[in-house]
Amino acid sequence: MCYSSFAILHSAKSHTPIYVAEKLNRQTITDAKGNERTNRFFADARLPRAERAELSDYKNSGYDRGHMAPAGNMATPEAMAQSFSLANMVPQAPENNRKTWASIENATRKYAMRARGDVYVLTGPVFEARPTTVGENKVWVPK
């Protein structure tokens with residue numbers, strides 16, 4: 001699935017991305033700093049209902065909706081809005097999402113700011129052989 005600032009290889013089985021690809025550079029990171037986070041999560045209607053996660057899958061699950069292509073990397077309002085597609089999310093433990101994962105995202109942006117050109121970032125989850133799931137759609141929780 002292609003969006004304006006990232007692309008996703010999505011799994012109908014896990015209801016999550018297998019990986020997300022994005023291109024970052026000094027300009028995109030600078031432009032992203034001025035964008036206000038929208039927090040408008042949505043189920044992506046481009047995916048068949050049986051293959052996608054729904055907002056209800058995350059409700060009261062105890063997990064955050066963790067971005068694979070971070071909202072903080074989005075250089076335009078359109079890209080920001082698209083980043084909140086559940087096709088770009090995996091269930092993440094709040095402590096991991098808000099601290100460890102946020103730190104990785106920040107370090108990646110700092111690296112892109114220092115780089116002498118484009119930086120290509122591939123991000124994806126790792127699952128157990130029998131993953132924990134959340135919601136009616138049984139969205140897989142990464143290891």
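Going by the conditions given, is Q82 out of contact with any strand residue (DSSP E or B) (no Cβ under 6 Å at 6 or more places or on another chain) and modelled with pLDDT of 95 or more? Judged against the criteria, Q82 is a match. Among the criteria (1) within 16 Å of A7 (Cβ to Cβ); (2) under 16 Å from the mean Cα position of the chain (by Cα), the one Y63 does not fulfil is (1). Scanning region 117-143 for residues that are open to solvent by 60 Å² or more (accessible area, probe 1.4 Å), of a type in the set (A, V, I, L, M, F, W, C) and not in a strand (DSSP E or B), which turns out farthest from T28 (Cα to Cα)? Looking at residues that are open to solvent by 60 Å² or more (accessible area, probe 1.4 Å), of a type in the set (A, V, I, L, M, F, W, C) and not in a strand (DSSP E or B), I get A129.
The values are calculated or read from the model by the stated rules, or taken from the named source; none is laboratory data. These numbers were taken from a predicted model, which means no experiment stands behind them. All Cβ positions, glycine included, derive from the backbone under ideal geometry; neighbour counts span all protein chains shown. Side chains included, ligands, DNA and RNA excluded: accessible areas come from the protein's heavy atoms. Shrake-Rupley method; radii C 1.70, N 1.55, O 1.52, S 1.80 Å.
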